[in-house]
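None of the figures in this text is laboratory data; all of them are computed from the coordinates on show. Predicted, not measured: the structure shown is a model, and the values here were computed from it. Note: ideal-geometry Cβ built from the backbone for every residue, glycine included; neighbour counts use all protein chains shown.
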Amino acid sequence: MASVAHTAPSAAPTAGAHAISIEGAAKIYRVSGGAPVEALRPTHLDLQPGEFVSLVGPSGCGKTTLLKLISGLDDITSGRVAVGDRIVTKPDPSVSVVFQRPALLKWYTVEQNVLLPAKVAGTLTKEVRQRAIDLLDFIGLGDFRHRYPSELSGGMQQRTAIVRALAGEPQVLLMDEPFSALDEFTREVLHDELLRLWSEHPKTVIFVTHNIAEAVYLSDRVAVMAPRPGRIEQIVDIELDRPRTPELRTDPRFFELVSDIRSCFHQAGALGGND
Ligand code: ADP
Ligand code: MG
């Protein structure tokens, strides 16, 4: 067993200003003609400003549901979520979401796609445009600003979606399996790029994945989730130095954390017969 600290998910929130406070947040979907679905049992989790936390678990354990409650894209059944001082009741520009599919508009260039949310919100200024151009340069897309999504690889499309999410300078970045459609090599490059972006432009990040190694590599803490009903079973501190570098992937401490989290799933009975 790795020497990691486990924090009970129901532990009382620590004092101080949290970037995100999830206080007994729960979601029940009422399905017409069927039994209600308890997608998320009352859940508690607090994030410090600038913290990187991953939610890991198999399909159906409420990961997307929890992100929807934090982003205000879905109504909460009970409990509450606060982002800074604001109780979440609807979507807000302070919280950006990156989805599994980049959802770029194919008739818009990379730059136009990145600037679209600011344009729609009426907040497109010279500064916002310059920040978007700087971010595109930073992530290696400077020469592709005037290209269309169909001319980009999957990894470049997802980089564009990440820049689009960051262009409005949100406080919080929510990422729902953003790299799961990419090949492993591209995914590993994007892990390092995401961490580089995050250290240059600090944000509080919640990253959803079903890949344990991905969660360990990126995160300060990993919340292990289980289904039926969806819930956080355990929170594991990832006490690995930053900056994280590719050598970490072959470090015994890394393997130990991955196998420790894997055993949390077995204890929770979350995996069934397969991972
Ligand atoms: P995950 O993202 O971890 O795969 P979800 O949050 O999407 O899980 O789903 C959690 C549970 O809630 C699942 O059982 C799913 O079928 C159910 N669910 C999600 N969205 C809806 C919905 N709109 N209506 C009914 N049930 C839903
Ligand atoms: Mg999901």
In debye to the nearest 20, the charge dipole size for the chain, taken about the Cα centre with +1 at each Lys and Arg Cβ and -1 at each Asp and Glu Cβ, equals 960
Reduced to Cα centres, the span from segment 47-87 to segment 95-144 in Å works out to 24
Across S219, S59, S153, the residue with the highest GNM fluctuation in the chain (Cα network, 10 Å cutoff) is S153
For n ≥ 4 DSSP H runs only, could you compute -39500 (n - 2.57) per run for the chain, divide by its residues and tell me the 222 nm figure to the nearest 500? -10000 deg cm²/dmol
Mind sorting M156, M225 by how few other Cβ atoms lie within 10 Å of their own Cβ, fewest first? M156, M225
Rounded to the nearest 10 degrees, what's the angle between the helix 110-121 long axis and the longest principal axis of the chain, both from Cα atoms, 0 to 90? 70
Greater than 20 Å separation of Cα atoms is the criterion. Which listed pairs, K106/K203; K119/K203; K27/K68, meet it? K106/K203; K119/K203
Helix 184-200 against the longest principal axis of the chain: what's the angle in degrees, Cα atoms only, rounded to the nearest 10? 80
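Taking the square root of 5 times each eigenvalue of the Cα gyration tensor, what semi-axes in Å does the equivalent ellipsoid of the chain have, largest first?
Calculated on Cα positions only, the semi-axes equal 30, 23, 18 Å.
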Charge tally for neighbours of A121 with beta carbon under 13 Å away, counting Lys, Arg as +1 and Asp, Glu as -1, is 0
Dividing the Cα convex hull volume of segment 103-169 by residue count, how many Å³ per residue is that? 75
